[in-house]
Amino acid sequence: MIEVQGLTKQYKSVRAVDDLSFEVKPGKVTGFLGPNGAGKSTTMRMIVGLDEPTAGNALIHGTSYSKLKNPLRTIGCLLDAKAVHPNRSAAAHLKWMAQSNGIPTSRVNEVLELVGLSDVAKKKAGGFSLGMGQRLGLAGAMLGDPEILILDEPVNGLDPEGIRWVRSLVRALAAEGRTVLISSHLLSEMALTADHLVVIGRGQLIADQPTYDFVKEHSASNVIVRTDFLTEFSGALEEESVEFSTSKDEEGRETLIIPEQSTDFVGNLAYSVGVPLTELTLKRASLEDAFMDMTSDSVQYHAEAPAGKEQNDS
């Protein structure tokens, strides 16, 4: 388990992490989310002893990273896939990592096969593509068969097959009872991968809860209705004091948008007043919607809308 307790990091006038506390528990994939500049990478670096906290501490199984004997056997990390000597081969890079932590060098071939790099094991890492570099970084994280994994943007540069593979891998590892902390800007992928979310903004904790609860609490679901009897059904909704709005779909057809209701309720209401529906769809809330809603005040850099477009189109 990872315990972050009152973690703070001050860089001169900038407080990158501000009294941050959370736990990453075994048996689940914990997504670590936040806008650019939120302090995610700094937090992960402090957990593994690469940055010294200004205050607070981070514990791994109740102790600091610096006190772990052969740390790669306890915690595997992918924080910067480019942190490889360009003139070393993939196998040589992993071999020295293994030898430095008392890991049998036979494990090198195992992890290279695991990440799909066996055929390029003797090639220099400096010639690797972005995706291949990510796979080598994942091999390094898995080298010690660790109980804990910290992965920062592990699918960066991977093709769809690689992204699906990483998702399956981390979920399988969590199912084995391991502790997995993973950061990514691909929110649609995190929605499929993470069981639990820790969300931060400007170095402070915003949310710490199961993914399902985060999405449900912080964004709305809408029922989309189309009918040839729009006026009649609008009147029925008004009589039931049900909120709704009108819009047009991509084909220019008039639709009703009914927030926070179920399709069962809306369908039964239409049946009770004799209004046939041509569409009855539940548009579920997404992790992206919830994330944008919760972190809008914590974004460090805001892009302007292109000329001639409304700001909400960006």
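The values are calculated or read from the model by the stated rules, or taken from the named source; none is laboratory data. Since we're looking at a predicted model, the values are computed, not measured. Note that each Cβ is placed from the backbone with ideal geometry, even for glycine, and that neighbours are counted across all protein chains shown.
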ask   = Is the stretch 154-175 home to any residue that is more than 16 Å from the chain's Cα centre (by Cα), within 24 Å of Y212 (Cβ to Cβ) and part of a loop (DSSP other than H, G, I, E, B)?
value = no
query = Would you call V242 touching a Ser or Thr at 6+ places or on another chain (Cβ under 9 Å), assigned to a loop (DSSP other than H, G, I, E, B) and among the β-branched types (V, I, T)?
reply = no
inquiry  = When the residues of the stretch 228-269 are narrowed to those that are aliphatic (A, V, I, L, M) and farther than 23 Å from A285 by Cβ, which ends up surrounded by the fewest Cβ atoms within 10 Å (Cβ to Cβ)?
reply    = L230
request  = Would you mention how many residues in the stretch 266-290 are assigned to a loop (DSSP other than H, G, I, E, B), of a type outside the set (S, T, N, Q) and in contact (Cβ under 8 Å) with a residue 12 or more places away in the chain?
outcome  = 6
query = Which residues, taken from the stretch 63-93, are among the small types (G, A, S), in contact (Cβ under 8 Å) with a residue 60 or more places away in the chain and part of a loop (DSSP other than H, G, I, E, B)?
reply = A81
query = Given the residues V48, V17, which is the only one that is touching a Phe, Trp or Tyr at 6+ places or on another chain (Cβ under 6 Å), among the aliphatic types (A, V, I, L, M) and either at pLDDT below 95 or closer than 21 Å to Q204 by Cα (or both)?
reply = V48
request  = Return the residue satisfying two criteria in turn: it lies in the stretch 176-202 and is of a type in the set (A, V, I, L, M, F, W, C) and part of a loop (DSSP other than H, G, I, E, B), and of such residues it is surrounded by the most Cβ atoms within 10 Å (Cβ to Cβ).
outcome  = A194
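For residues in the stretch 245-258 being outside any loop (DSSP other than H, G, I, E, B) and not basic (K, R), which is modelled with the lowest pLDDT?
S247
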